[in-house]
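The block underneath contains the structure these notes are about, expressed in structure tokens.
Throughout, read-outs are computed from the coordinates displayed, never taken from laboratory work. Keep in mind the model is a prediction, meaning the values are calculated, not measured. Here the Cβ positions follow ideal geometry from the backbone for every residue, glycine too, while neighbour counts run over all protein chains shown.
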Amino acid sequence: MGSLSLFFFVLFSFSALVLKPAFAENEEDPGLVMNFYKDSCPQAEDIIKEQVKLLYKRHKNTAFSWLRNIFHDCAVQSCDASLLLDSTRRDLSEKETDRSFGLRNFRYLDTIKEAVERECPGVVSCADILVLSGRDGIVSLGGPYVPLKTGRRDGRRSRADMVEEYLPDHNESISAVLEKFGSMGIDTPGVVALLGSHSVGRTHCVKLVHRLYPEVDPVINPDHIEHMLHKCPDPIPDPKAVQYVRNDRGTPMKLDNNYYRNVLDNKGLLSVDHQIAYDKRTKPYVKKMAKNQDYFFKEFARAITLLTENNPLTGTKGEIRKQCNVANKH
């Protein structure tokens with residue numbers, strides 16, 4: 001072999017040695033994929049779906065919680081089930097921040113996790129269970145089935161210190177809301193569609209009184225004011241009291257496009273609900289979704305997919321928790 005040939009042989013052999021570990025590492029981390037557990041726990045998604053059906057049959061409000069969990073977990077930097085962790089001496093739980101007010105029913109996610117663990121111990125992440133239970137909860141509410149990838153792993157610590165920075169707030173300007181969602185790759189029609197989640201569930205009076213007291217917000221539909229005042233009679237409501245207004249009085253248990261007709265009729269409960277009906281960037285999509293539920297569902301499914309794929313932990317990052325509320329000991 002000539003000296004030049006020998007040089008290239010050595011060069012390519014060295015390159016192969018350098019590149020091979022990276023390729024092997026990439027093989028170990030396929031990222032998010034469809035049916036990630038097909039070999040390691042083939043029954044996982046069916047078990048989650050069955051548990052969601054059983055729990056929804058007994059406690060219909062759980063579906064709202066599952067849907068809201070996706071927003072509160074995935075919007076805060078990563079879809080890693082950090083939302084589910086309890087507080088420790090070192091870290092405050094995201095669940096205990098002011099922005100998580102009203103979140104509940106976490107014990108039902110524990111029930112789902114326990115059912116999955118009985119079939120496949122230590123295999124399925126709480127992050128995937130959170131996302132898939134939300135997906136199946138959407139179906140329970142009459143919404144679209146959204147095919148979602150899996151393969152997320154669980155974060156080891158709470159992200160409570162990041163909630164204010166990342167989580168869009170209902171009292172922020174529509175520009176701030178669009179910007180925060182935009183940082184996750186969700187565009188304007190996607191944001192408008194995600195706000196359609198306000199078609200179901202209820203809003204506690206704590207979140208509404210600023211629109212009722214000391215004076216009623218003049219933009220609220222007069223036909224809606226009496227009902228809101230009846231449901232929220234106290235300027236300073238007790239956070240622990242069951243005082244709330246249904247987000248949609250017409251179809252409160254159904255995820256549908258009635259929300260958009262309500263906000264166009266000045267019946268949106270939250271500030272952001274009112275803003276999207278009037279801002280020139282969002283109003284065209286509000287009007288289109290009010291007229292066409294199929295369009296709403298299409299954009300909603302697309303936005304949910306983007307939200308659930310926000311910066312997940314995959315491969316060897318994070319962990320697979322034994323219990324969703326406690327990080328594993330290392």
Added length on full extension, which subtracts the Cα-Cα distance from 0.36 nm per residue, Val216 to Thr88: 41.9 nm
Dipole moment magnitude, nearest 20 debye, the chain about Cα centre, only Lys, Arg, Asp, Glu C-beta charged: 620 debye
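Hey, any idea what the orientation-averaged projected area of the convex hull of the chain's Cα atoms comes to, in nm²? Mind dumping the intermediate values first?
Numbers: hull surface 88.1 nm².
For the Cα atoms of the chain, the hull's average projected area reads 22.0 nm².
Can you tell me which of 33-41, 70-78, 262-270 comes out highest on packing, and rank the rest after it, using the mean Cβ neighbours within 10 Å?
Numbers: 33-41: 13.7, 70-78: 23.0, 262-270: 21.1.
By packing density, highest mean first, the sequence is 70-78, 262-270, 33-41.
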Between Asp39 and Thr305, how high is the FRET efficiency from 1/(1 + (r/R0)^6) when r is the Cβ-Cβ distance and R₀ = 41 Å? Nearest 0.05. 0.95
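Using unit Cβ charges (K, R positive; D, E negative) and no other charged atoms, how large, in debye to the nearest 20, is the dipole of the range 211-266 about its Cα centre? Intermediate results must be reported in sequence, preceding the final value.
Details: 7 positive and 9 negative charges, 52 e Å.
Dipole about the Cα centre, nearest 20: 240 debye.
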Residues whose modelled amide H sits under 5 Å from the amide H of Leu313, counting only those 5 or more places away in sequence or on another chain, are Cys79, Arg153
Calculate, for Asp265 and Glu172, the FRET efficiency according to 1/(1 + (r/R0)^6) with r their C-beta to C-beta distance and R0 22 Å; round to the nearest 0.05. 0.45
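Given Cα pairs under 8 Å that are at least 6 residues apart, what percent is the relative contact order of the range 44-166? Write down the numbers at each step before the final one.
Details: 162 pairs, mean separation 47.8, N = 123.
Computed value for the range 44-166: 39 percent relative contact order.
Is there a quick way to get the dipole size of the range 174-307? I mean about its Cα centre, with the Cβ of Lys and Arg at +1 and of Asp and Glu at -1; what is the value in debye to the nearest 20?
Dipole of the range 174-307, to the nearest 20 debye: 360 debye.
Would you mind checking Lys53/Lys283; Lys49/Lys283; Lys95/Lys288; Lys149/Lys322; Lys57/Lys317; Lys53/Lys231 for any pair whose Cα atoms are more than 25 angstrom apart?
Details: Lys53/Lys283 35 Å; Lys49/Lys283 35 Å; Lys95/Lys288 35 Å; Lys149/Lys322 21 Å; Lys57/Lys317 36 Å; Lys53/Lys231 31 Å.
Over 25 Å apart, Cα to Cα: Lys53/Lys283; Lys49/Lys283; Lys95/Lys288; Lys57/Lys317; Lys53/Lys231.
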The exposure ranking of Cys324, Cys79, Cys126, fewest beta-carbon neighbours within 10 Å first, is Cys324, Cys79, Cys126
Once amide H atoms are placed 1.01 Å from N in the peptide plane, what residues at a sequence separation of 5 or more from Tyr244, or on another chain, have their amide H within under 5 Å of its amide H? Cys205
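Can you sort Ser82, Ser93, Ser183, Ser65 from fewest to most other Cβ atoms within 10 Å of each residue's own Cβ?
Working: Ser82 29, Ser93 18, Ser183 13, Ser65 22.
Taking fewest neighbouring Cβ atoms as first place, the list is Ser183, Ser93, Ser65, Ser82.
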Under Karplus coefficients 6.51, -1.76 and 1.60, residue-wise ³J(HN,Hα) of the range 82-95 in Hz, glycine/proline x: 4, 4, 7, 5, 6, 5, 10, 5, 9, 10, 6, 6, 4, 4
Which Cα, out of Val124, Met228, Met184, lies furthest along the positive dipole direction of the range 111-239 (beta carbon charges, K/R +1, D/E -1)? Val124
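Rank the residues Asp256, Asp234, Asp80, Asp136 as a footprinting-exposure proxy: fewest other Cβ atoms within 10 Å of their Cβ go first.
Asp234, Asp256, Asp136, Asp80
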To the nearest 10 degrees, how steep is helix 126-140 against the longest Cα principal axis of the chain, on a 0 to 90 scale? 40 degrees
Report relative contact order for the range 174-307 in percent, whole number only (criteria: Cα-Cα under 8 Å, sequence separation at least 6). 36 percent
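If I take every Cα pair under 8 Å that is 6 or more residues apart in the chain, average their sequence separation and divide by the length, what percent do I get for the relative contact order? Don't jump to the answer; show the numbers that get you there.
On the way: 495 pairs, mean separation 84.2, N = 330.
Relative contact order here is 26 percent.
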State, to one decimal in nm, how far the label point of Glu28 lies from the label point of Lys288, with both points 7 Å from Cα in the Cβ direction. 4.5 nm
Measure off 7 Å from each Cα along the Cα-to-Cβ vector at Lys317 and Lys240, then give the distance between these two points in nanometres to one decimal. 4.0 nm
Along the dipole axis of the chain (charges at Cβ: +1 for Lys and Arg, -1 for Asp and Glu; origin at the Cα centre), the most positive-end residue among Gly31, Ile276, Ser197 is Ser197
Separation in nanometres of the label points that stand 7 Å from Cα toward Cβ, at Arg281 and Phe106: 3.3 nm
